[in-house]
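Here is the structure we will look at.
We did not get these values from a lab; they are worked out from the coordinates using the rules stated. The shown structure was predicted, so the numbers you read here are calculated from the model rather than taken from an experiment. Here the Cβ is made from the backbone with ideal geometry for all residues, glycine too, and neighbour counts use every protein chain on show.
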Amino acid sequence: MVFFIDGGAQAQVRNHLDFVLVNLPTFDAHAGIGRNVLQLDMRLAELTTFFTVFSFNAGIRDITFAASLNAALASGTKDFCLIQNCGHMFYGYDQLSFDMTAAMEECEFLMGHIIDRGGYFYMHDQCMLVNRRAWKKLGKPKFGGLEKAKKTLPMPYRSIENVHDNYTPLYLQPTGKDFTFDASFGYGWNAIAAGIAGGHKILNWPKAVRKWKRHCYAYYGDANEWVAALADVTRAEESQDEQLNLTVAFLRNTPDKVGSPHKVFVFNSETDADMPTLKYKNGLDRAFVLASGFKANRLLESFGFGPHTQVITYDYSAPALALRKMMIEEWDGRDFGAFFLSARARIDAMFAGAAAYLPPALLKDAASIDQEFRREMGEVFSSNEQWLTHWLRFRTLTHHFVEVDVLQDQAGVAAMLATHATGNSALWLSDMFNSPNAVGKFAWDRRKAAYDTVVKGLADATDSYLILGSDPRYWVKA
């Protein structure tokens, strides 16, 4: 799946950075060690993995799972190792990768959230960056995990300036002195000690990177409440746990904010790789298609259709359905740019401007719109004559328009299929179950239940069915 165009900034990060996921019990020097809950861990792991894939344009295969911090450092080969605990998320585009590259250039050995609790230092478990070359030169010191003991450690100089409150210094640097503590030690205490002894400055995450980071802090609250809220953040209620409220708000508004204009994908940039080489002798009986670009037409031209074929255009976006309906009722198949610009003004009036047309860079004027139209159609339609013949036949078919959110309205999806599915049916669902709006807002079992509703509806009503698009993935590397 491609979420956005990789302009090179993400590749620069990936070339020098190993991504490692760990599942560490939450530690606080005052509150103690959290008790992990499997269902919550699974959801947190999926969120961390998915947003790493999304933000750095990485493959899920590029994310390693390690059983410990020591194993995380030993698992990779690149210059730096980014260790994220389940529940930590980076979310951003090119600028995040530029800022991460700058952080790597600044990282002498260790960077993270430095925690000072009563005079000794450890790293918060959420996210750490390690310069692996420096780690090797230091003799590959163990990271240091949770234990209560009496230890003598190098005395660091703590920066006077803090990131927030009075316990997160900007950096620690060597002083050449030792000190002895009898305490409950947190993650990374030994790595910090080794770095200080080796003359390295230990750094906190810079502000430029911190603004792209989100951490759930789930185990500071009620785990069962977190499980329920993260299963479907669209329906999560206000909590007395402020960290839960912040996480729900982030996921609920990422990438689309609540109440944002509904999207109208005027063009569809998907490849046709999910369309098998298949031809129905008498054409499809039913085609369930999204109101996105012209893939519906490419699909029908490839599989075949006849006068009996019915097209059911379904979408969550009423403006997108309105555009598609106007096209079928009014457009003769020529000069799409001029038609769209006229239709856009009418749709904006119908929906009080509550529509976002994508991709905006290609919709500036009629000439650029026509150019993109020719590009999208070229893979299936070899000539303008072939297209016009298709469009004339397509418009004469019986068309239905259904406004339904497949992820949230299983009853509506079931009703649509019970009403319209029959014979040989094909349904195109794109990547709706694996988009940021889906994975961030709904746990895997919720997405799977919505997908199963589609499968069951087709299986119950048809002689044969074909689903085009991705079934819901569980976004953790197997």
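Using modelled amide H (1.01 Å from N, peptide plane; none on Pro or chain starts), what sits under 5 Å from the amide H of F65, excluding residues fewer than 5 places away?
Long-range HN contacts for F65: L21.
How large is the dipole of segment 102-161 about the Cα centre if only Lys and Arg carry +1 and Asp and Glu carry -1, each at its Cβ, rounded to the nearest 20 debye?
Working: 11 positive and 7 negative charges, 102 e Å.
In total the dipole reaches around 480 debye.
Rounded to the nearest 0.05, what FRET efficiency is calculated for D460 and D178 with R0 set to 51 Å and r the Cβ-Cβ distance? List each step's numbers first, then the result.
Details: r = 73 Å, r/R0 = 1.44.
My answer for the efficiency is 0.10.
Taking the alpha-carbon centroid of each part, what is the distance from segment 322-381 to segment 424-478 in angstrom?
28 Å
For L427, what residues show an amide H to amide H distance below 5 Å, using hydrogens built from the backbone and excluding near sequence neighbours?
F288, L466, I467, L468
Return the distance in nm (one decimal) between the two label points of a simple spin-label model at A354 and D452, each offset 7 Å from Cα along Cα→Cβ.
Taking the simple label geometry, A354 and D452 are separated by 3.3 nm.
Evaluate the charge dipole of segment 307-451 about its Cα centre and quote only its size in Debye, nearest 20, assuming +1 on the Cβ of each Lys and Arg and -1 on the Cβ of each Asp and Glu. Spell out each step's value before the answer.
Numbers: 14 positive and 17 negative charges, 47 e Å.
Computed charge dipole of segment 307-451: roughly 220 debye.
K257: which lysines have alpha carbons under 29 Å from its alpha carbon, excluding same-chain residues fewer than 8 sequence positions away?
Cα-Cα hits under 29 Å: K207, K211, K213, K295, K325, K364, K441, K448, K477.
Under 17 Å from the Cα of K137, which lysines turn up, not counting those fewer than eight places away in the same chain?
Of all the lysines, those that pass the test against K137 - Cα under 17 Å, at least 8 places apart if same chain - are K78, K201.
Starting with the highest mean, order 213-221, 280-288, 73-81 by the number of other Cβ atoms within 10 Å, averaged over the residues of each peptide. Don't skip to the answer; put the middle values down first.
Details: 213-221: 21.0, 280-288: 19.4, 73-81: 16.9.
Result, highest mean Cβ count within 10 Å first: 213-221, 280-288, 73-81.
Sorting check: for 145-156, 104-115, 396-407, which peptide has the highest mean count of neighbouring beta carbons within 10 Å, and how do the rest follow? Write down the numbers at each step before the final one.
Numbers: 145-156: 14.9, 104-115: 20.5, 396-407: 16.5.
By packing density, highest mean first, the sequence is 104-115, 396-407, 145-156.
State, to one decimal in nm, how far the label point of E161 lies from the label point of D471, with both points 7 Å from Cα in the Cβ direction.
Going from the E161 label point to the D471 one covers 5.4 nm.
For Kirkwood radius over Cα pairs in Å, the listed values are (1) 25.2; (2) 22.2; (3) 23.2; which was obtained by calculation from the structure presented?
Only one option fits the structure, namely (1).
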